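Data first, discussion second: the structure below is written as structure tokens.
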Amino acid sequence: MRWKPARTTLAILALGVSIASIATAAMAEPVTLTLGSWRTEDLAIWQDQVLPAFEASHPDIKVEFAPVNTNEYNAAIQSQIEGGTGPDLITCRPFDVNNEWIGRGYFASLDGLAGLANFTDTAKAAWTVDGATYCVPVAAVLAGFFYNIDIFNELGLTPPTTAAEFTTVLQKIQDSGKYTPLAEGSSESWQLAYNGLYSIGPAYWKGEEGRLGLIDGTKKLTDPDFVAAFAAFQAWKPFLPSGQEALSYSDMTQLFTLGRAAILPDGSWNINQVTSTGLNVGVFGPPAVEAGGQRYLQEMPDMAIGINAASAKQDAAKVFLDWVSGPEFQQIYVNSAPGFFAMSNQAVTYDNPLAQHFADLKTGALLTPRLALDRLSAGTPPLDDEIWRQLQVMMTSDTTPETVTGELQTGLASWYGPQQAK
């Protein structure tokens with residue numbers, strides 16, 4: 001007599017098949033990563049271009065882009081991570097803020113990630129602590145001068161290459177009586193630093209020589225080179241718009257795009273805005289101090305991406321960052337967000353002509369990040385914030401560069417060890 005399985009046995013076997021099917025289906029479900037960012041304006045770029053490209057070649061990993069408003073980002077990330085609800089991937093600020101987060105243990109070290117070989121030590125420096133790198137560089141921004149090509153042609157002007165030529169150009173525009181030479185205002189103090197002093201200043205304090213000198217204590221803000229940089233910036237005052245004290249960043253942009261100002265000191269991130277009205281726009285870099293002098297260009301590491309040390313999806317996160325390290329991501333991102341520039345050593349071409357012109361400014365120039373964001377703003381008073389404040393005072397009063405640099409040096413020396421008297 002042939003054995004027949006009992007009905008209960010069949011049920012168990014059937015249940016086993018069902019469980020196996022469910023398990024197989026569960027294993028087939030893609031891992032989902034969340035990516036925190038402050039770039040709310042990049043939502044469509046990530047959803048429509050970046051992530052579909054990644055997921056096409058990595059169907060087992062899904063990524064959700066979850067940005068919060070820029071001004072709320074730092075507090076939000078800290079709250080989420082401390083509360084155990086942080087995203088798997090964290091967009092990294094450069095230098096001091098991110099170094100503090102690294103010190104708190106927010107990030108997993110990326111040592112061993114193959115894609116990091118695509119970046120120089122300089123490119124990784126903003127996210128490297130004690131020799132370990134915690135974030136993959138995504139993009140940098142540049143600072144220079146947008147100019148109205150039609151106005152320059154009308155007045156017979158060419159982009160200046162030296163400080164003296166720059167002053168001559170500004171004076172000729174002023175003398176025409178038709179246009180404001182510089183679309184610059186003092187209402188928002190951050191841009192006085194980032195689009196003004198930190199742009200032209202490196203030619204005076206010699207870029208990394210001066211910046212690293214402040215960090216190691218061999219240079220002081222009261223040294224002649226730094227005083228000269230502040231004086232060169234203050235020399236812009238006669239060429240600013242009437243009522244510049246109340247002029248905001250958006251006002252400056254509008255003054256330029258309406259064709260009422262000839263030059264806009266600005267960052268590359270504003271490319272879309274300055275060309276939004278169809279204006280014929282060019283760009284030139286910060287002038288050298290004198291003819292034949294070295295040119296310097298502010299290249300600011302803007303963002304990177306790291307892995308939340310508490311994430312349970314470390315392997316999938318590393319796969320994603322390895323892809324971010326490569327040319328496919330870089331090519332997509334920099335051409336989706338004109339004005340942001342790849343930091344890797346992989347070849348990237350820029351579809352936006354003005355972005356390409358901005359990128360071309362790097363040729364022959366020594367690159368340097370913003371002066372005060374690396375270690376010099378980790379205490380109280382933070383040097384970067386103090387420079388914002390003091391520049392606003394200097395550009396809206398008769399305060400001298402010597403007074404400003406003296407107060408900045410006193411503030412820095414009050415807490416930063418390398419600047420304190422031995």
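Brief remarks follow.
- Failed item in (1) more than 28 Å from Phe65 (Cβ to Cβ); (2) at pLDDT 95 or above, with Lys313 passing the rest: (1)
- In the set Val404, Val393, only one residue is open to solvent by 40 Å² or more (accessible area, probe 1.4 Å) and either at pLDDT 95 or above or out of contact with any helix residue (DSSP H, G or I) (no Cβ under 9 Å at 6 or more places or on another chain) (or both); that residue is Val393.
- Close Cβ contacts (under 9 Å, 6 or more residues apart or on different chains) running from residues in region 62-73 that are part of a loop (DSSP other than H, G, I, E, B) to residues that are hydrophobic (A, V, I, L, M, F, W, C) comprise Val68/Trp38; Val68/Ala76; Val68/Ile77; Asn69/Trp38; Asn69/Ala76.
- Subset tally (residues that are farther than 26 Å from Ser176 by Cα, touching a Gly at 6+ places or on another chain (Cβ under 9 Å) and open to solvent by 20 Å² or more (accessible area, probe 1.4 Å)) for region 259-292: 2
Residues are listed down the side, and each one gets a yes or a no for (1) of a type in the set (A, V, I, L, M); (2) surrounded by fewer than 19 Cβ atoms within 10 Å (Cβ to Cβ):
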residue	(1), (2)
Ala75	yes, yes
Gly83	no, yes
Val129	yes, yes
Ala140	yes, no
Ala163	yes, no
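The values are calculated or read from the model by the stated rules, or taken from the named source; none is laboratory data. Since the model is a prediction, treat every value here as computed from it, not as a measurement. Ideal geometry is used to build each Cβ from the backbone, glycine not excepted, and the neighbour counts take in all protein chains shown. The area values use the complete protein model at the heavy-atom level, side chains included, leaving out ligands, DNA and RNA. Shrake-Rupley method; radii C 1.70, N 1.55, O 1.52, S 1.80 Å.
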